[in-house]
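Peer 1: Structure provided below as C-alpha cells; questions to follow.
The values are calculated or read from the model by the stated rules, or taken from the named source; none is laboratory data. Keep in mind it's a predicted model, so treat the numbers as computed, not measured. So basically every Cβ, Gly included, is an ideal-geometry build from the backbone, and we count neighbours across all protein chains shown. Side chains are part of the model used for accessible areas, which takes the heavy atoms of the whole protein and leaves out ligands, DNA and RNA. Shrake-Rupley method; radii C 1.70, N 1.55, O 1.52, S 1.80 Å.
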Amino acid sequence: MKFYSIFVALLILLSPGVYGNNFKLICGAVAQASEVTEQKVAELYVATFNRAPDKPGLDFWVNDSGFTIEQIATSFFDQTETQDLYPPGTTETEFVTSVYDNLFNRLPDAAGLDYWVDALGSYAVTRPIMIEAVKNGAQATDAKIVANKAEVGLYYANKDLQEYFLLSNVTEDLSTVEIAKSNIDENLVAETCDVKYIPSIERGNFDDFKRSANIKSYGYLIENDFTDCAPVSLVESFDVRPGDCSTDGKYDDCAEDSERSELAEIYKSTFSGDEYYYGWSIYFPDDYVNVYPTKVALGQFHQKGAHVIWMFQNYNGGYHLDNQVAGHSSTDDYIELIKENELRGKWHKIEVHVRWSTDQSGFFRVSVNDKKISDYSGPTMTANAVYFKYGLYRSFVLRYLEKNNVDEVPAQKVFFSNVKRGNSREELLP
C-alpha cells in the first residue's frame, strides 16, 4: 500500500481536467502512505457518497481503523452503502460522472471523462484510487467546493446526528455553507424534540429515504392506522400548513412559490434498463381541501440532475397521472386515476410497473385498486438515474391566493401506507 501516495500524486499531475491535457499513467517510486485526518476522511465521504460523515464512522476511520487514507478509500468499496450506490453493472462513465458530481456539482469535461473511463476500463487504476486522484487534484472553484463540503460534513459529524445529511447543495459560495449549518442545527433541535424520522418500516427493496426540505415536526409522522382499513398497521402522515416553504441550500421553496412535506430516496440508484414494481396506498381524509389552481403532487418520479418525469397529482379534482417525460405536461398525457367524488374517506391502492428506459423499450403501467388504468410504452426517462419522492408538494401557490383573494392556502393532510418497491408484484404485498 505504500506506493499509493506517489501513484496518486502522479495521476493527479498527469490527468486531464486537473492539471492539463498532456498525460499518461506512470507508476514509480515508493513513498510513505498519506496521513489520515478528519478533513481527508470527510472529503472521501463527499467524493464517494456526497454526504456528511456520521460521527461513529468518522471516529472509527480516523482513530481506530489503523488504515491509511488509501486503504480507507479501498475499504469503502466493501461497504453495503457503496455497493448499493454503485451496484453491479454501473458503467465506468456512470461512476466517473457520479464522482465529479459528488465532488464538484458538475459533469466531467470530455477529456477528463475519456481519460478516467479508459484508465478504469483498462485496470490501470482502481475506483478508490481514481477518487483520491480526482479530489486531491481539485483546483480553483472545484477546490473551494470540496473544502466547503468537507467543512459542512465535519460540522454535521460533530453534532452526532443520526440521519444522513447530503451535501449536493453546498457550493463554492460561503452562504451555502452557512445555510447548510443552519439546516443541521434545525435537525439537531428536531431530534432533541423526538421528531419521528423514517424508522425501519418495511419498504421492500427501496433505498433509504430522507425528508425533503421541510423538517417541521408535524409535517411527517408515523402513526397507528386510525381507519382500521390500511393495508398495514402503521401509516405515514404528511401535513402542509400555510407558509410551509423551506430551503436546503439548493431548492428554495419560498422563492419558487411552493410548499411541501415529502420524503425522497437518498440514493439515486435506479438506471435505464432497470425494471421494478412500485406500490403505495393513499388516503385523503374527508376534510381534504382541493386548492386548485395550485398544483398538488402526491408521488413523483424525479431524475438526478434533470426534470421530473412522472407525477401523481390532485389538480382540478381527483388523482391524476401526469406524464412529463418530454419535459412538460400535455392534455393527452394527463390521465385520471381516481375521480374527485371517489377520492376521500377511503384507502386507494396504487401499483406501478415500470421498465426504466431512455428508448422505446420502456413502459409505465398503472393500476388503481387492482384495475389497470394506464399502459404507456416508450421512453420512461431521459437522464442517467431516477428516484422516487412521495408526500405532499404544492406548487404555484400564488395562483390560489390571487384567484380567491386570500393571504394563504388552506392546510392539507394526506396519509400513505405500505409504500414499497419490489422485483415482482408479489413483493408489494403487506
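Peer 1: How much accessible area per residue does segment 231-349 have, counting only protein heavy atoms and a probe of 1.4 Å, in square angstrom?
Peer 2: Averaged over the residues of segment 231-349, the accessible area is 38 Å².
Peer 1: By a straight-distance test (C-alpha under 21 Å), which lysines pair with K210 as possible cross-link partners, with residues fewer than eight away in the same chain excluded?
Peer 2: K55, K149, K159, K181, K196, K250, K268, K304, K389, K413, K420
Peer 1: Okay, moving on. For segment 375-425, which semi-axes, largest first and in whole Å, follow from the square roots of 5 times the eigenvalues of its Cα gyration tensor? Walk me through the intermediate numbers first.
Peer 2: On the way: eigenvalues 219, 63, 20 Å².
The answer is 33, 18, 10 Å, longest axis first.
Peer 1: Mind checking the dipole of segment 69-130: about its Cα centre, +1 per Lys or Arg Cβ, -1 per Asp or Glu Cβ, Debye to the nearest 20?
Peer 2: Around 60 debye, computed over segment 69-130.
Peer 1: At q = 0.15 Å⁻¹, what is the base-10 log of I(q)/I(0) for segment 298-372 according to the Debye formula with one equal point scatterer per Cα and no solvent? Please give it to two decimals.
Peer 2: So the normalised log intensities work out to -0.54.
Peer 1: Which value, in Å³ per residue, describes the convex hull spanned by the Cα atoms of segment 62-132?
Peer 2: Spelled out: Cα convex hull of segment 62-132, divided by residues, is 98 Å³.
Peer 1: I'd like the GluC sites (Glu not before Pro) in segment 334-430 restricted to DSSP loop residues with at most 16 other Cβ atoms within 10 Å, sorted by number.
Peer 2: Answer in residue order: E408.
Peer 1: Taking the C-alpha atoms of segment 306-430, how large are the radius of gyration and the largest Cα-Cα span, Dmax, in Å?
Peer 2: Rg and Dmax of segment 306-430, Cα atoms, are 16.0, 49 Å.
Peer 1: Show me the trypsin sites (Lys or Arg not before Pro) within segment 342-372 that DSSP assigns to loop and that have at most 16 other Cβ atoms within 10 Å of their Cβ.
Peer 2: Answer by residue number: K346.
Peer 1: Taking a temperature of 37 °C and a viscosity of 0.692 mPa s, what whole-number D in µm²/s does Stokes-Einstein yield for segment 215-311 with Rh from Kirkwood over alpha carbon pairs?
Peer 2: 205 µm²/s
Peer 1: Would you work out the relative contact order for segment 37-108, in percent, from Cα pairs under 8 angstrom that are 6 or more residues apart? If you can, show how the numbers build up before the last one.
Peer 2: Working: 43 pairs, mean separation 25.0, N = 72.
Normalised by residue count, the contact order of segment 37-108 is 35 percent.
Peer 1: Would you work out the charge dipole size for segment 314-395 about its Cα centre, treating the Cβ of every Lys and Arg as +1 and the Cβ of every Asp and Glu as -1, and quote it to the nearest 20 debye? Could you put the intermediate results ahead of the total?
Peer 2: Numbers: 10 positive and 10 negative charges, 72 e Å.
I would put it at about 340 debye.
Peer 1: Could you do me a favour and compute the accessible area per residue for segment 104-164, 1.4 Å probe, result in Å²?
Peer 2: 41 Å²
Peer 1: Right, next: Where the accessible area of segment 237-307 is counted over protein heavy atoms with a 1.4 Å probe, how much of it, in %, is carbon and sulfur?
Peer 2: Its accessible area is 44 percent carbon and sulfur atoms.
Peer 1: Could you tell me the largest-minus-smallest coordinate of the C-alpha atoms of segment 248-357 on each of the three principal axes, in descending order and whole angstroms?
Peer 2: Principal-axis extents of the Cα atoms in segment 248-357, largest first: 38, 35, 28 Å.
Peer 1: Which residue, chosen from G345, F363, N405, occupies the Cα position most advanced towards the positive end of the dipole of segment 325-425, where the dipole is computed from +1 (Lys, Arg) and -1 (Asp, Glu) charges on Cβ about the Cα centre?
Peer 2: G345
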